[in-house]
Amino acid sequence: MSDKLNATKTETFKNKVGEIKAVWVSEFEIVREKTLRDEFAIEAMKSLMHIYWEMQDQYENGSALIKCHVETAYQYADAMMKERSK
């Protein structure tokens, strides 16, 4: 990953879930690897997609639709992470 991004440095951070490897691509920008939470959110987004397309007229614009879709996907991911930790 770092070769493609011309990384200036890499770091590993620890959190409650595990380690996250991050790549600094500039003084101000950091890119991190996908976490298990991200993977859960991606899967939730896939399964929610048809619901949001059917409801798209209820949103002010595309940005509002996407924001709601992403927030909902991460709510599902957080619930899955919580259940997983039991």
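The values are calculated or read from the model by the stated rules, or taken from the named source; none is laboratory data. Just so you know, these numbers come straight off a predicted model, no measurement behind them. Note that each Cβ is placed from the backbone with ideal geometry, even for glycine, and that neighbours are counted across all protein chains shown.
When the stretch 41-86 is filtered for residues that are of a type in the set (A, V, I, L, M, F, W, C) and touching a residue at least 40 places away in the same chain (Cβ under 8 Å), the ones remaining, listed by number, are Ala77, Met80, Met81.
Taking Asp78 as the residue in question, decide whether it is surrounded by 11 or more Cβ atoms within 10 Å (Cβ to Cβ) and either out of contact with any Phe, Trp or Tyr (no Cβ under 6 Å at 6 or more places or on another chain) or modelled with pLDDT under 80 (or both). Yes; evaluated as a whole, the condition is true for this residue.
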